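The values are calculated or read from the model by the stated rules, or taken from the named source; none is laboratory data. Since the model is a prediction, treat every value here as computed from it, not as a measurement. Don't worry about glycine lacking a Cβ; one is built from the backbone with ideal geometry, like all the others, and counts go over all protein chains shown. Just so you know, the surface numbers come from the protein's heavy atoms only, side chains and all, with ligands and any DNA or RNA stripped out. Shrake-Rupley method; radii C 1.70, N 1.55, O 1.52, S 1.80 Å.
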Amino acid sequence: MTSASLQMLVSMVLYIMVVLFIGIYFAKRANESSENYYIGGRSLGPWVAAFSAEASDMSGWLLMGLPGLAYWTGLADAFWTAIGLAIGTYINWLLVAKRLRHYSQVANNSITIPDFFSNRFHEKKKVIMMISSVLILVFFCVYASSCFVTCGKLFSAMFGFSYQSMMIVGVLLVVTYTFLGGFLAESASDFMQAIVMVLALVIILTLGIANAGGLGNVIDNLNNIPGFLEFFSISSPVVDEAGVQVVQNGTPLFNDAAPYSALSAVSMLAWGLGYFGVPQVLLRFMAIRKADELKKSRRIGTVWVLISLGSSVVIGLIGRNLYPTALNTASDAENIFSLLASAMLHPVFAGLVMAGIFAATISSSDSYLLIASSAVAKNIYQGIFKKDATDKQVMKISRITMILIALFGAIIALDENSVIFSIVSFAWAGFGAAFGPLMLFSLFWKKTTRSGAIAGMLSGAAVVFIWNLFIKPLGGIFAIYELLPAFIISSIVIVVVSLITNDVTDEMKREFDMAKEGAF
């Protein structure tokens, strides 16, 4: 290991030690009760709620997946995805946050998303709770694997260690940290990590523009690549049979620009629909100290997202200008942020900036592990099979489940050619389609029934799998992001089945009105 690599490693280790200290600090309070462990006793302030929501949502995808997408295929896909996420962030805070904060308390003080759905529809047989918990397990295993891929790629690229060994080290660190402190540690460290992430992005963006000779020079150079800076065309690298971009005389080769239709743009804008269903963000709405503080959180969160997403996309473009032949596969392209950091910064500062990637990874994977384990321990174990389980028993089951989920996610992440963007997009679609329409109808349509809720969840999740595996490969108009058709179909199913069954009780109507009045 070189002296520069050693200095980067030391600065990153110091950062990791701070994160672990936060977990230890909050361990005692987190273990006082399952409510503290899973939702922090509803004690988050507006800044912590906003920063932790966005940091846990964006993950290493923000610093690796999105810049990698921009580096590989140019502006179109990355731009429309970022716009969709920015709009979705704002609307979610505006419409869902306050109503869910009130409704989750009205609905028997629900502290998890499956809890809320089950209590909202006054379930006796916990079918909604079981289905939603299983879906959380499935999609968070996929999500966790994307974070572990990030760890493996980051440390392997920086220090030359094997991908698999570095991925396993990342798994151990994340599990240890989440095991100790629960939701409070997660939210407190996410606040810090959100600051690290946005600073890292802004620093690399600023230095990248300076090293490239200014934005004008970047634009002039990238305009020579067909479709690279177009909103309705997309760049198409020439690749060999192994998926490696062909380089000729030191210049990467590209095919003619491929058309990028308005439907494709709408498809990527549909990323914003995912926000209505992702548990790691929705839980922050439920956990904030006072509903009146959500307005401040919305402004903070939206500004953070706009700065972070914009910086991330432009970094990918600048990276292609500065290092056009350095990263020759779609998977390798996701290392552009770390390449720029190590090339432009002193090793100590590069290590701290790299910690931004690891910060993003930790801030998301701890959320995924905690929420998925709560689905098993709180919702399935205590909610269905052992209703008299003590808090101590629930948290024991939760931690065992956490370890098993991490192991399963690590197995998925063993392939070092995994593309983070693709993994995250599938899990995001799963949550967005299974929970997004149901969350909106649960909060805003009094006539939503239990049968409609069950049918909507199942149809949304099923369409995500079917579209991704069987319909999307057909190409053409079918090559759209699976979240869009799945979200629409789930919404239609909820309305149709609810109108047919029409079994809303007076008590459900009363609670709906209470939540509505409390939100205004």
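A few comments on the model shown:
- Checking each residue in the range 226-242 for being buried (at least 16 other Cβ atoms within 10 Å of the Cβ), of a type outside the set (Gly, Ala, Ser) and under 27 Å from the mean Cα position of the chain (by Cα) picks out Phe228, Leu229, Glu230, Ile234.
- For the range 251-283, a residue qualifies if it is aliphatic (A, V, I, L, M) and assigned to a helix (DSSP H, G or I), and the qualifying residues are Ala262, Leu263, Ala265, Val266, Met268, Leu269, Ala270, Leu273, Val281, Leu282, Leu283.
- Identity of the residue in the range 17-29, within 16 Å of Val171 (Cα to Cα) and modelled with pLDDT under 75, that ends up surrounded by the fewest Cβ atoms within 10 Å (Cβ to Cβ): Leu20
- Unmet criterion (only one of (1) open to solvent by less than 10 Å² (accessible area, probe 1.4 Å); (2) outside any helix (DSSP H, G or I)) for Met286: (2)
- Filter result (part of a helix (DSSP H, G or I) and touching a residue at least 24 places away in the same chain (Cβ under 8 Å)) within the range 147-162: Cys147, Phe148, Val149, Thr150, Cys151, Gly152, Lys153, Leu154, Ser156, Ala157, Met158, Phe159
- For the condition open to solvent by less than 30 Å² (accessible area, probe 1.4 Å), closer than 30 Å to Leu66 by Cβ and among the hydroxyl-bearing types (Ser, Thr, Tyr), Ser398 does not qualify.
- Only a single item in (1) crowded, with 23+ Cβ neighbours inside 10 Å; (2) not in a helix (DSSP H, G or I) is not met by Phe487, and it is number (2).
- Here Ala389 meets the list (1) open to solvent by 60 Å² or more (accessible area, probe 1.4 Å); (2) not in a helix (DSSP H, G or I) almost entirely, failing just condition (1).
- Filter result (among the aliphatic types (A, V, I, L, M) and modelled with pLDDT of 85 or more) within the range 404-422: Leu404, Ile405, Ala406, Leu407, Ala410, Ile411, Ile412, Ala413, Leu414
- Filtered by the rule that a residue be farther than 15 Å from Gly277 by Cα and either open to solvent by less than 40 Å² (accessible area, probe 1.4 Å) or at pLDDT below 95 (or both), the range 431-450 gives Thr448, Thr449.
- Every residue from the range 455-480 that is open to solvent by less than 10 Å² (accessible area, probe 1.4 Å) and of a type outside the set (A, V, I, L, M, F, W, C): Gly456, Gly460
- Tally, over the range 377-386, of residues that are crowded, with 21+ Cβ neighbours inside 10 Å and basic (Lys, Arg): 1
- Boolean, Ser297 is buried (at least 20 other Cβ atoms within 10 Å of the Cβ), modelled with pLDDT of 90 or more, in contact with a strand residue (DSSP E or B) (Cβ under 9 Å, 6 or more places away or on another chain) and over 19 Å from Trp80 (Cα atoms): yes
- Among the residues listed as Met130, Met158, the single one being open to solvent by 10 Å² or more (accessible area, probe 1.4 Å) and at pLDDT below 90: Met158
- Val424 being in contact (Cβ under 8 Å) with a residue 60 or more places away in the chain, under 24 Å from the mean Cα position of the chain (by Cα) and open to solvent by 30 Å² or more (accessible area, probe 1.4 Å): no
A quick yes/no check of all residues on (1) surrounded by 24 or more Cβ atoms within 10 Å (Cβ to Cβ); (2) polar (S, T, N, Q); (3) touching a helix residue (DSSP H, G or I) at 6+ places or on another chain (Cβ under 6 Å); (4) under 13 Å from Thr150 (Cα atoms):
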position: Val305; (1), (2), (3), (4): yes, no, yes, no
position: Gly316; (1), (2), (3), (4): yes, no, yes, no
position: Leu327; (1), (2), (3), (4): no, no, yes, no
position: Ala333; (1), (2), (3), (4): yes, no, yes, yes
position: Leu340; (1), (2), (3), (4): yes, no, yes, no
position: Val348; (1), (2), (3), (4): no, no, yes, no
position: Leu352; (1), (2), (3), (4): no, no, yes, no
position: Leu370; (1), (2), (3), (4): yes, no, yes, no
